[in-house]
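All remarks here apply to the structure that follows.
The values are calculated or read from the model by the stated rules, or taken from the named source; none is laboratory data. Bear in mind the structure is a predicted one, so any value in this text is a computation, not a measurement. Glycine gets a Cβ as well: all are built from the backbone with ideal geometry, and neighbour counts include every protein chain shown.
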Amino acid sequence: MPKVSLDIESFKALASETRLDILRVLDGKKMNLNEITKATKLHKMTLHEHLSKLTSAGFIKKIEREGHKWVYYKLSWKGQGLLHPENTRIVVMFSMTFFSLLFGIITFVSYIRQQPISPARELMMDAKSESIALAVDPFFLYLTVIFMIVFSTLLVVSVWRYKKNKPQKL
């Protein structure tokens, strides 16, 4: 299980079982005060006090839209990280996956650009000769293959971890 580190203010905000219940209710949802009141069966003033403490600690985002009556609350990145610390690992794995793809493409382009085009080669191509001798260092080609293998492996593992940790919808 991944470790979660908290500062003193965050620890104080989570010291109440009620606030933990509020975080669980907001998991994956955007709700207004009335919806949270129905889900937690708390009075609006009590709930408002708990929501303000969770907002100041950074666990909840308060979404106010100009010209709209309702204020919505949803988990912030910090709140999601608290309830689902494995998601941070999945994001890091996806990032590494796409960096390996990017490096694979860059090394492949480097390999293609290093192929020499000489006047003798152009003459051979004009004569429609079947055999063209190329003196190209395969280093970038090997790097491309390595990066594509790393990309494929990381992609499979990342998707598997994502599907394994994805909450089931009812």
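Listed conditions (1) within 30 Å of residue 28 (Cβ to Cβ); (2) modelled with pLDDT of 85 or more are all met by residue 142, apart from (1). If you go through the stretch 52-67 and keep only what is surrounded by 15 or more Cβ atoms within 10 Å (Cβ to Cβ) and assigned to a helix (DSSP H, G or I), you end up with 53, 54, 55, 57.
For every residue, the table says whether it meets (1) surrounded by 13 or more Cβ atoms within 10 Å (Cβ to Cβ); (2) at negative phi; (3) at pLDDT below 75.
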| residue | (1), (2), (3) |
| --- | --- |
| 69 | no, yes, no |
| 74 | yes, yes, no |
| 79 | yes, yes, no |
| 82 | yes, yes, no |
| 85 | yes, yes, no |
| 103 | yes, yes, no |
| 115 | no, yes, yes |
| 125 | no, yes, yes |
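For the criterion of being surrounded by 12 or more Cβ atoms within 10 Å (Cβ to Cβ) and either under 20 Å from the mean Cα position of the chain (by Cα) or in a helix (DSSP H, G or I) (or both), residue 42 fails.
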